[in-house]
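Engineer: If you scroll down you'll find the structure; I have some questions about it.
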Amino acid sequence: MASGSRDSPADAIPMIEGAGAWGTVHPTYAAYARSFGLHVDACAPRQPQQKGKTEAKVHLCRGLFESLGRRFDGIEELQGRTDERIDGWSERAICPATGKSVRESWQEEIPYLRPLPMLPEPFDVTVIRPVQRDCLVNFEQHQYTVPFEHVGLHDEVRGCAGKVQIVADHKVVREYPRHSEQRLLIDPACYEGTSTDRVHAPPPLGRMGRRLQEIYSMPVQTRPLDLYAALAEVAR
């Protein structure tokens, strides 16, 4: 199956082509997994038993909750009823690996588990874009600034429901509104900081630059005329 154009919405499938260890995972699906630090281990073709544990857990949850009924006074009641069912099952069920109850085995395992990261924002497009010398990345006919330390690198850009996220090292480094009327979105903080071993910091703004930034940050209808006069004076 084709993955579509480079900025088109991702196909709702985990694989682009192939299956198992020789398959190619869809980049959007893989990016979402990387946000959790997970590795996608696709099932081999015609081997349904490889995901039997997952299917068994779905069947278990259905069995626990189907008899609850379909009317509740609110989310709190629904949550309480489901928690009660799960707690009861975990006390009765035996973990085959430890011989203890599922609850007791889980309590012993907690100290060895890594904290779950914040759930990533759902996105329908993910692409890799080079960070240009002016600290800009291109995405959907818009340009967005990223911290100057990323110049020369390739950052991941995600198109979410109402925002654009720029991701590096599995962390969101900048967020901007998506499909805005502005085609160039600048965060001045991206040009601030100290030089690194790889990239020199941009020079600070001079008097002209500071005045221009002051004007740019003000709505056009509220800009006083004497501000433009002051700018002209600086330019002399």
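Bear in mind that the values in this text are calculations on the coordinates, not laboratory data. Since the model is a prediction, treat every value here as computed from it, not as a measurement. Cβ atoms come from the backbone with ideal geometry, glycine included; neighbour counts cover every protein chain shown.
Engineer: Taking segment 159-191 as the region of interest, how many residues are under 18 Å from residue 132 (Cα atoms), in contact with a Pro (Cβ under 8 Å, 6 or more places away or on another chain) and not in a helix (DSSP H, G or I)?
Structural biologist: The qualifying residues number 4.
Engineer: Let me ask you something else. Using the structure shown, decide if residue 162 is under 26 Å from residue 37 (Cα atoms) and either surrounded by fewer than 15 Cβ atoms within 10 Å (Cβ to Cβ) or free of Cβ contacts under 8 Å to residues at least 12 places away in the same chain (or both).
Structural biologist: Yes, satisfied.
Engineer: Go through (1) under 28 Å from residue 32 (Cα atoms); (2) in contact (Cβ under 8 Å) with a residue 12 or more places away in the chain; (3) of a type in the set (Val, Ile, Thr) and name the single condition residue 110 misses.
Structural biologist: Only one criterion in (1) under 28 Å from residue 32 (Cα atoms); (2) in contact (Cβ under 8 Å) with a residue 12 or more places away in the chain; (3) of a type in the set (Val, Ile, Thr) is unmet by residue 110, namely (2).
Engineer: Go through (1) in contact (Cβ under 8 Å) with a residue 40 or more places away in the chain; (2) surrounded by fewer than 11 Cβ atoms within 10 Å (Cβ to Cβ); (3) assigned to a helix (DSSP H, G or I) and name the single condition residue 28 misses.
Structural biologist: Of (1) in contact (Cβ under 8 Å) with a residue 40 or more places away in the chain; (2) surrounded by fewer than 11 Cβ atoms within 10 Å (Cβ to Cβ); (3) assigned to a helix (DSSP H, G or I), only one is false for residue 28: (2).
Engineer: Residues in segment 186-201 that are crowded, with 16+ Cβ neighbours inside 10 Å and either within 23 Å of the chain's Cα centre (by Cα) or not hydrophobic (A, V, I, L, M, F, W, C) (or both): how many?
Structural biologist: Taking segment 186-201 first, the residues crowded, with 16+ Cβ neighbours inside 10 Å are 186, 190-191, 199.
So of that shortlist, the ones also either within 23 Å of the chain's Cα centre (by Cα) or not hydrophobic (A, V, I, L, M, F, W, C) (or both) come out as 186, 190-191.
Residues flagged as crowded, with 16+ Cβ neighbours inside 10 Å and either within 23 Å of the chain's Cα centre (by Cα) or not hydrophobic (A, V, I, L, M, F, W, C) (or both) within segment 186-201 amount to 3.
Engineer: Out of segment 42-68, which residues are assigned to a loop (DSSP other than H, G, I, E, B) and loosely packed, with under 10 Cβ neighbours inside 10 Å?
Structural biologist: The one that is assigned to a loop (DSSP other than H, G, I, E, B) and loosely packed, with under 10 Cβ neighbours inside 10 Å: 46.
Yes/no per residue for (1) under 21 Å from residue 192 (Cα atoms); (2) touching a Lys or Arg at 6+ places or on another chain (Cβ under 6 Å):
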site: 131; (1), (2): yes, no
site: 140; (1), (2): no, no
site: 154; (1), (2): yes, no
site: 157; (1), (2): no, yes
